[in-house]
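A.B. asks: Dropping the structure in here first, questions after.
The values are calculated or read from the model by the stated rules, or taken from the named source; none is laboratory data. In this text the structure is predicted, and so the values were computed from the model without any measurement. Ideal geometry is used to build each Cβ from the backbone, glycine not excepted, and the neighbour counts take in all protein chains shown. Note: areas computed on protein heavy atoms with side chains; ligands, DNA, RNA excluded. Shrake-Rupley method; radii C 1.70, N 1.55, O 1.52, S 1.80 Å.
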Amino acid sequence: MLDTLRRIVQAINAVRNPSEAFSLIVTEVKAALHTDVCSVYMADHSRGELVLMATDGLRPSAVGKVRLKFEQGLTGLAASRTEPINVDDAPAHPAFRYIAATGESPFHGFIGVPIIRRRRVLGVLVAQQREQRKYTADEEAFLVALAAQLAGCINSSEIRQVLARLGDDALSGTLFLEGVASARGLALGEAVVVFPATALAQVPDKDINDPVAEATRFREAVAAELAELQRLGERMRLLLSPGDRALLDAYALLLGSDSLVNGTLERIHAGNWAPGALRATVLEYADIFTEMDDSYLKERSADILDLGQRLLNRLQVEQVVNREYPDNTILMGEEISVSQLLDVPPEKLKGLVSVHGTGTSHVALLARGLSIPAVFGISNLPPGRLNGREVVVDGYTVRACIQPSPALRQEYLRLIDEEAEMSRGLQHLRDLPAETPDGRRVELHANSGLFADIAAARNSGVDGIGLYRSELHFFLRDDFPGEEEQSLVYARVLRIMEPHPVVLRTLDVGGDKSLPYLPINEQNPFLGWRGIRISLDQPDLFKAQLRAMLRAGAEHANLSILFPMISSAGELREALELLRAARSELCDSGLAVEPPRVGIMVEVPSAAYQIDTLIRMVDFASIGTNDLTQYLLAVDRNNDRVAKLYDPLHPAVLGVVRYVVERVQAAGRPVGICGEMAGDPASALLLLAMGADSLSMNLGSVLKIKWMIRSIGYRAAQDLLAEVTTFDDATAIRERANAFLEEHGLSSLLRLAK
Ligand code: PEP
Ligand code: MG
């Protein structure tokens, strides 16, 4: 049996897609166990169902049609119990359900083994026997090993694609999709699917009105590509081996061939846009080659895909520039980048939905800054098929609803109104201080980076801008903005907020924020060239930015400068030295500038533990809990697979934050928190209790947190902090803090701040 297992595992690893793996497994298992039926069911979590994906023994027409609710029948039982169910007489079992669609009379012997990855049930592997039969322990172990293998070799996006292909009816009704993180708020709008410029397989279908113009666009792309290949061929003639030159010729031949070009044109004339038509044709064509026995021809499929990609890149260049967005755009995609988000006019962008990403990815921060509801980490989202559909983004329950029914739509419209009313209801707090009833005052600041939210901040009663992410301006451009331009931007921000303080953070790119004109490809970007490390390695760029900030500060007295990602005293010394040099250059040129207030972000654990030394070198500290949490817990803040492990209420994170607050204050300097936790009521409550001087958050949270602070006694909050400090786990801490907020009459705040 071990040999059979090894053989099947090798065969599974060699297949190209889950459908093939499923077919192979059911055939092989049926033979190996000498049983009558083997089937694979996969979980469609969006509908809470198990779908029959492949079978050897049941009616083939049942594939894709038989859908069992989780917990329905013995198959559902294996999924819900997450353990094998092995019974010799299935109809006698209380959980048994007869499924008519399979068209078979009941089977008696039954074994179902769950397919589990990362604690999540992906499906169930089932074997059945017409007569009574108890599968042996060895047979059960064999199926368990196969299920584990299957779980490891298929990924959820592939399964989504299979599910999507199986049932077009899956999208005919309302569809709920659960995410792992969100930006709070509700939105209703039209899906606009975006995709990386390089992913042919992920290009969505899209209806067009003018096939003739679209066909011309495609023909022009083909002509341009042909010309480019010819040029390449000429240029490379001396450099390329004859084999490589033949490849270019083969590409040119393919481009001239009927199948690729005409196939795409046919699809365009049938109403699909050029990239979608190209994708469908290229994949179909590549598949034909892959199926061929001749190994030379088999390999040509890679060439076809590559050529398709080149054509797509050409089509996309114009597409990006010419993209039109509807007035109520819900941006959707596998992964949404900062620049894709910024590409949409702010007044048209109503919501975001993304397969990947978490609540502290920079796109999420930006969404919050702009008060745009978002849901991230929806692993069963089939974005390619959703373009143009109506979508609800529900950032409170962390889900998206595709094609809401009329009743649901009505209900969401009502909730959207209610939410707006709640915000209006808090407006009376605008000009009141964030002060507890027993007299503890906290400054509430806004996180910002765009003009849109600066202007809004001015009118929303914040005490200043606690974090201006200067890099956002850099994302709006095609190359580095010059000193003059930057200076105008910073001066405008300072002027709008005057006399309130504004903390301008120097460039913090790298990590998940890669500028299109400074691409950084690293294996471990969050541990790599990022933040101040880039600035110190590019002193010309850094000094230009510092001079721009200082020049803006010469006209306005509310400037502070903040250095991101400081991890050692040496780094801080270098940054301060460059700041001093920038200032003296300005003074030499005749512009008298005062030394600004300077602070450091405490977001790398080494800085937290060296805070006594670092804080003596600057005027203030700002704790960046987004990064501090990821570095302390070793959890990538952007990885939805580990999003459940990312929690700033982890006792270790709270302990370090508290330590830094105490040490900075012991040195007689102010300390604030500018990570996302500052805008979360339960977390803000504990930060208040720690004695933080200021909390900086997205604008949408400011009045809610002010309401919380004005409703709760400082001493009561300190008692709560003392109590939760004895807890060993984040969930317990959050539950207790939320319960405390409810006891103080703030349940509606929790509802809208979930
Ligand atoms: C942080 O890390 O907490 C922070 C505020 O900075 P950013 O989210 O921009 O990395
Ligand atoms: Mg940070």
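A.B. asks: Quote to one decimal, in nm, the extra length available between residue 606 and residue 65 on full extension: 0.36 nm per residue of separation minus the C-alpha distance between them. Walk me through the numbers on the way to the answer.
C.D. replies: Details: separation 541, 0.36 × 541 = 194.76 nm, distance 5.60 nm.
My answer for the length gained is 189.2 nm.
A.B. asks: Note the angle between two axes, namely the Cα long axis of helix 539-555 and the longest principal axis of the Cα atoms of the chain, as a number of degrees from 0 to 90, rounded to the nearest 10.
C.D. replies: The answer is roughly 50 degrees.
A.B. asks: Separation between the residue 413 and residue 742 pseudo-spin-labels, each 7 Å from Cα along Cα→Cβ, expressed in nm?
C.D. replies: About 3.3 nm separates the two model spin labels.
A.B. asks: Considering amide H positions built from the backbone, and no H for Pro or chain starts, which residues 5 or more places from residue 375, or on another chain, come under 5 Å of its amide H?
C.D. replies: The answer is 183, 352, 353, 354.
A.B. asks: Something else: Using Cα atoms only, what is the angle between the long axis of helix 18-33 and the major principal axis of the chain, expressed in degrees (0 to 90) to the nearest 10?
C.D. replies: Between the helix axis and the principal axis of the chain, the angle is about 50 degrees.
A.B. asks: Still on this structure: For the cross-link pairs 30/65; 644/706; 350/513; 30/134, which exceed 25 Å when the distance is taken from alpha carbon to alpha carbon?
C.D. replies: 644/706, as the Cα separations exceed 25 Å there.
A.B. asks: Right, something else. To the nearest 10 degrees, how steep is helix 274-290 against the longest Cα principal axis of the chain, on a 0 to 90 scale?
C.D. replies: The angle comes out at about 50 degrees.
A.B. asks: Which residues' amide hydrogens lie under 5 Å from the amide hydrogen of residue 69, considering only partners 5 or more residues apart or on another chain, with H built in the peptide plane?
C.D. replies: Those qualifying (amide H under 5 Å, at least 5 residues apart or on another chain) are 50.
A.B. asks: How long is the gain from residue 6 to residue 652 if the chain were fully straight, where each residue apart is worth 0.36 nm and the alpha carbon distance is subtracted?
C.D. replies: This chain segment gains 228.2 nm when fully extended.
A.B. asks: Taking a probe of 1.4 Å, how large is the accessible area per residue of the chain, in Å²?
C.D. replies: Accessible area per residue, the chain: 42 Å².
A.B. asks: Taking the simple approach of a point 7 Å from Cα along Cα-to-Cβ for both residue 119 and residue 431, what is their distance in nm?
C.D. replies: About 5.0 nm, to one decimal.
A.B. asks: Further question: When the chain is fully extended, how far beyond the present Cα-Cα distance does residue 132 get from residue 178, taking 0.36 nm per residue of separation?
C.D. replies: Working: separation 46, 0.36 × 46 = 16.56 nm, distance 4.02 nm.
Here the segment from residue 132 to residue 178 would lengthen by 12.5 nm.
A.B. asks: Could you rank 216, 290, 264 by how accessible they are, 1.4 Å probe, largest area first? Spell out each step's value before the answer.
C.D. replies: Details: 216 60, 290 30, 264 0 Å².
My answer, sorted largest first, is 216, 290, 264.
A.B. asks: Work out the FRET efficiency for residue 325 and residue 209 from their Cβ-Cβ distance, taking R0 = 22 Å, and round it to the nearest 0.05. Display every interim value, and only then the final one.
C.D. replies: On the way: r = 17 Å, r/R0 = 0.75.
Result of the calculation: an efficiency of 0.85.
A.B. asks: Right, here's the next one. Starting with the highest mean, order 82-94, 543-555 by the number of other Cβ atoms within 10 Å, averaged over the residues of each peptide.
C.D. replies: Result, highest mean Cβ count within 10 Å first: 543-555, 82-94.
A.B. asks: Go ahead and run the numbers for FRET between residue 533 and residue 287, Cβ-Cβ distance against an R0 of 35 Å, rounding to 0.05.
C.D. replies: Efficiency, from the Cβ-Cβ distance: 0.15.
A.B. asks: What FRET efficiency would be calculated for the residue pair residue 710, residue 97, taking the C-beta separation as r and a Förster radius of 56 Å, to the nearest 0.05?
C.D. replies: 0.50
A.B. asks: Quick check: Cα centre of region 39-78 to Cα centre of region 405-440, how many Å?
C.D. replies: About 44 Å separates the Cα centre of region 39-78 from the one of region 405-440.
A.B. asks: Nearest-5 percent of antiparallel DSSP beta bridges in the chain?
C.D. replies: 55 percent
A.B. asks: Now for a different question. Using a 1.4 Å probe on the protein heavy atoms only, what accessible surface does residue 714 show? Give it in Å² to the nearest 10.
C.D. replies: Surface open to solvent at residue 714 totals about 40 Å².
A.B. asks: Quick check: net charge around residue 671, other residues with Cβ under 10 Å of its Cβ, Lys/Arg +1 and Asp/Glu -1?
C.D. replies: My count for the surroundings of residue 671 gives 0.
A.B. asks: Here's something else I'd like to know. Using packing as a proxy for protection, rank 502-508, 536-542 so that the peptide with the highest average count of other Cβ atoms within 10 Å comes first. Show your work: numbers first, answer last.
C.D. replies: Values: 502-508: 25.3, 536-542: 14.4.
In descending order of packing, they fall as 502-508, 536-542.
A.B. asks: Give me the one-decimal Kirkwood hydrodynamic radius in Å for region 2-164, with the sum taken over alpha-carbon pairs.
C.D. replies: Every distinct Cα pair counted, the radius reaches 15.4 Å.
A.B. asks: Same structure again: Please state the relative contact order of the chain as a whole percent: Cα pairs under 8 Å, 6+ residues apart?
C.D. replies: 10 percent.
A.B. asks: With every protein chain left in place, what is the accessible area of residue 568 in Å² (1.4 Å probe, nearest 10)?
C.D. replies: About 40 Å², rounded to the nearest 10.
A.B. asks: Write down, largest first, the equivalent ellipsoid semi-axes of the chain in whole Å, where each equals the square root of 5 times an eigenvalue of the alpha-carbon gyration tensor.
C.D. replies: Semi-axes from the Cα gyration tensor: 50, 36, 24 Å.
A.B. asks: Could you give the nm distance between label points at residue 479 and residue 580, where each point is 7 Å from its Cα heading toward the beta carbon?
C.D. replies: Computed distance between label sites residue 479 and residue 580 equals 3.4 nm.
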